1. Find, among the trypsin sites (Lys or Arg not before Pro) in the stretch 211-263, those assigned to loop by DSSP (not H, G, I, E, B) with at most 11 other beta-carbon atoms within 10 angstrom.
2. Taking the DSSP beta bridges in the stretch 174-253 as the whole, what percent of them are antiparallel, to the nearest 5?
3. Using the basic label-point model (7 angstrom from Cα toward the beta carbon), what is the A15 to L253 distance in nanometres?
4. Over all directions, what mean area does the Cα convex hull of the stretch 137-212 project, stated in square nanometres?
5. Which whole-Hz couplings ³J(HN,Hα) result when phi for each residue of the stretch 37-53 is put into the Karplus expression 6.51 cos²θ - 1.76 cosθ + 1.60, θ = phi - 60°, listed in order with x for Gly and Pro?
6. For K85, which lysines qualify as cross-link partners when the Cα separation must be under 22 Å and same-chain residues fewer than eight apart are set aside?
7. With viscosity set to 1.306 mPa s and temperature to 10 °C, compute the Stokes-Einstein D of the stretch 587-639, Rh being the Kirkwood radius across alpha carbon pairs; µm²/s, no decimals.
8. Return the Rg/Rh ratio of the stretch 453-518 with Cα-based radii and a Kirkwood Rh.
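Each value in this text was obtained by applying a stated rule to the coordinates, not by laboratory testing. Not measured: the values here are computed from a predicted model. Cβ placement follows ideal geometry from the backbone for every residue including glycine, while neighbour counts extend to all protein chains displayed.
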Amino acid sequence: MMPRLDAPLKVTGAAKYGVDHNFPGMAYGYVVVSTVANGEIEGMDVEAAKAAPGVLGVYSPFDPLVLTAPTLAAFGETWVPLQNKEVDYHGQPIAFVVAETFEQARDAAALIDVTYRERPAVTSLQEGLATAEDPPAVRGGGPTSLDVLADGVASIEDAFAASPVVVDNTYSTAGQHHAPMEPHSAVAVWESGELTVYSGSQGSHLQVAELADALRLDRSAVHSVNPFVGGAFGGKGRTSAPAFLAAAAAMVLERPVKASLTREQVFTATAGRAATVQRVSLGAHRNGMLVALRHDSWCATDVDRSFVEPTSHGTSREWYATENLSISQKIVPLNLPRTTFMRAPGEAPGSFALESAMDELAVALDMDPIELRRRNSSVAPPGVDLQWSSKHLDECFEIGARRFGWNRRRPGERVEGDWVVGMGTATAMFPAIRFPATVRVTLHADETAEVATSGADPGTGLLTVLNQIAAESLDLAPERVTAKLGDSNLPPGGLSGGSTATASTGTAIMIAATQLIDELVALASEPGAPFAGKEVTYADGKVFADGQELTFGALLRELGRESLVVSGSSAPGEEMTKHSFSSFGAQFCEVRVHRLTREVRVSRMLGVFDAGRIINEQTARSQLMGGMIWGVSAALHEAMEFEADGRLANGDFAGYLIPVNADIPEVDVEFVQYPDTLHNAVGARGVGEIGVVGMAAAIANAVYDATGIRVRHIPIRIEDLLD
């Protein structure tokens, strides 16, 4: 197993993140945020700030930087700060101070006096349900509501009326934040008509497009560098406020500008996961076969309605076989910070509702929860003729049940000292997606190779995986291959998101490597070449002909060439019209609930995953373990808590609870490996997000198994379990 290539740099502190870059004459920016949740800025007295020591500029809607909100086809309009005087939420960026030092910028920012024409703020999702709206669109461009009915069934209500057993309950999930280790930040350098921005980003080409359009520059004049990203999970998919502001200020001041959000500002000046309310109804025969499934969802969103958390569409649309399906999605605009993609957007909160409901149905049927899921395993998404390209979910449950000791489960009966013990399980699914990607592969005359693309590695292990796939495709030892990432000057490698990077870039590598070897063989047999006119083959980094051999480096040297370079591109194609694609998993969890204090402790976790071919078990295991731990966090810890006036009450790591080592017990991961070459040439499907899917439900189901108390919201609190 190949170790992570970036590990030595990270553990020794040698890895340079965006804010680690320093340049002569650099200035420092500080973002000022609003103190009301809804209103209009009437005035902003900045004279004291401008007169403060070291201040170089104070920018606001009254004296703005030149920025325009860019619109990208795949993502819509990007929010850009300081464009108008409207305030939509507490903590919104409203001004930017630049000074000689960070401390001077921060202190000057505190001198700005802002007056508002304040309006009542709408901050409660529950209170907004009555006036919920249809969203402008949902993921994939499908309808916001969808009914699939069996022949002869007039309505979903009729399907439930014909169901011998029905469960019908409402579930809710709290708003969450990505809480990355690295705050959103940027260092911008404007020199000779070109802009270079060093910033943690999930896609340097996407950042180039947004910055160029916002600053009205040609995209060729913008360079984005992001070799290391200190946590992202969707929260750094779009360009952040510090990057826009630092770039614009650098152009005005004609000197480098560094800007970073404070930890508290990260929670509001960037976007997080929406809170949701979901009603799930399941109708079944007494043998457990589903008759009908209804999943109605509501999610919070910002006042611009810029993002929808597709909980029903991301789960019930595909997971189980049923002849009658009804899903809907509505949004509730609130004066709260913006929402965006966050690890398994839709699937993570949606699986809590659906998999809790499946557990409740199993209880109503007096059936084993695994058996219920097996009986309703889908061959294809309901109402869709395209079958799954490869699905081994039943095997995941079989292996997981055996390894976890599922047969020892005794609902409500297992007591160990002062603790009652329970087990829970849940299905995990996440769509297998590919993005367009281009990768450059180079053979050098010094016997080394290079693979390069602009995609990012936000801790996923992509750098290592690129190296492995390139080495395998070129038939070279991995130590002879250098992988490069995180620079928009490299070929566009797509966005590191959606669990797409390995399938997307890996396929492009294989295409480029094949073409590169073909060109190398052709060079070797050209007139004047060492094997002119002969039949040449390639293996193990060498070309062969008539019993003779040359390394590729020796061949290039004899031909007077320093290198041979080929770029390969890959994009989803005809295969998407022939099959449905997904990764699958079975989540298992054991919890202990204290009989007196009602404290919940997760004591064991196991995830068994069917994600096609696993390129690097170490990095894949780390990704899945991280997702499973995030599931614990969602189930028992994380919640953004807002006061009635829209102020975030827990915008730090003291109040915003996330797990620490003591909260996480044994975590085990097993792979069921069936390469999925119908999806891509590498045979790999994504693992980055599926680890979080279903785990919160597995924990809630285990809590019920231990206590007999069904909690239909997360995070679960001690007070939820008091008798």
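1. Answer by residue number: R216.
2. Just about 55 percent of them are antiparallel.
3. Each label point is offset 7 Å from its Cα along the Cβ direction, giving 2.9 nm.
4. Mean shadow area of the hull around the Cα atoms is 10.0 nm².
5. Computed from phi, the couplings for the stretch 37-53 are 9, 7, x, 10, 6, 7, x, 8, 7, 10, 4, 5, 5, 5, 8, 5, x Hz.
6. K50
7. Estimated via Stokes-Einstein, D reaches 124 µm²/s.
8. 0.95
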